[in-house]
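Chemist: Input: one structure, supplied below.
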């Protein structure tokens, strides 16, 4: 029998305009190489806040103007752009992963943490930067 899982609003998935909720994935192959969980990367509604903030609400409050200035019509569009075709992954000491995509002189970053309740990589924040220094790169895409 299937149990109905009721999620608080902040834990609900944000979808792209085409209805896509899984914006990216840590594949089994990458998971084995970096010793982290495999699974989908999702943007949740989240909550705004300097401490404890995460997801769409957090990113919109802090970076929406910058992202729209770069041509992204929404936070979910930006996150999807980065995590659907990332070229590097960096690891933070707290276990979070930074998905990076280099494009148009920016190092686009999406930071995500493992959510064991949902078995997903939950996006905490996202930002374009002009530098990728001081990162612990644990995986780099090879080939074309």
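Chemist: Scanning region 79-114 for residues that are without any contact (Cβ under 8 Å) to a residue 24 or more places away in the chain and in contact with a helix residue (DSSP H, G or I) (Cβ under 9 Å, 6 or more places away or on another chain), which turns out surrounded by the most Cβ atoms within 10 Å (Cβ to Cβ)?
Modeler: By that ranking, first place goes to 101.
Chemist: Just a yes or no: is a residue in region 36-57 part of a helix (DSSP H, G or I), touching a strand residue (DSSP E or B) at 6+ places or on another chain (Cβ under 6 Å) and surrounded by fewer than 21 Cβ atoms within 10 Å (Cβ to Cβ)?
Modeler: The answer is yes; a qualifying residue exists.
Chemist: Sticking with this structure for a sec: Could you count how many residues in region 116-140 are without any contact (Cβ under 8 Å) to a residue 60 or more places away in the chain and in contact with a strand residue (DSSP E or B) (Cβ under 8 Å, 6 or more places away or on another chain)?
Modeler: Start the filter on region 116-140 by keeping residues that are without any contact (Cβ under 8 Å) to a residue 60 or more places away in the chain, which leaves 116, 129-137, 140.
Cutting the leftovers down to in contact with a strand residue (DSSP E or B) (Cβ under 8 Å, 6 or more places away or on another chain) gives us 129-132, 135-137, 140.
Result for region 116-140: 8.
Chemist: Specify the residue that is nearest to residue 80 (Cα to Cα); the eligible residues are those in region 23-44 that are out of contact with any helix residue (DSSP H, G or I) (no Cβ under 6 Å at 6 or more places or on another chain) and free of Cβ contacts under 8 Å to residues at least 60 places away in the same chain.
Modeler: Among those residues, the one meeting the criterion is 25.
Chemist: Looking at region 23-35, can you tell me whether even one residue there is within 25 Å of residue 139 (Cα to Cα), under 14 Å from the mean Cα position of the chain (by Cα) and either modelled with pLDDT under 95 or assigned to a loop (DSSP other than H, G, I, E, B) (or both)?
Modeler: Checking region 23-35: at least one residue is within 25 Å of residue 139 (Cα to Cα), under 14 Å from the mean Cα position of the chain (by Cα) and either modelled with pLDDT under 95 or assigned to a loop (DSSP other than H, G, I, E, B) (or both).
The values are calculated or read from the model by the stated rules, or taken from the named source; none is laboratory data. What you see is a predicted model, and the numbers here were worked out from it, not measured in a lab. Note that each Cβ is placed from the backbone with ideal geometry, even for glycine, and that neighbours are counted across all protein chains shown.
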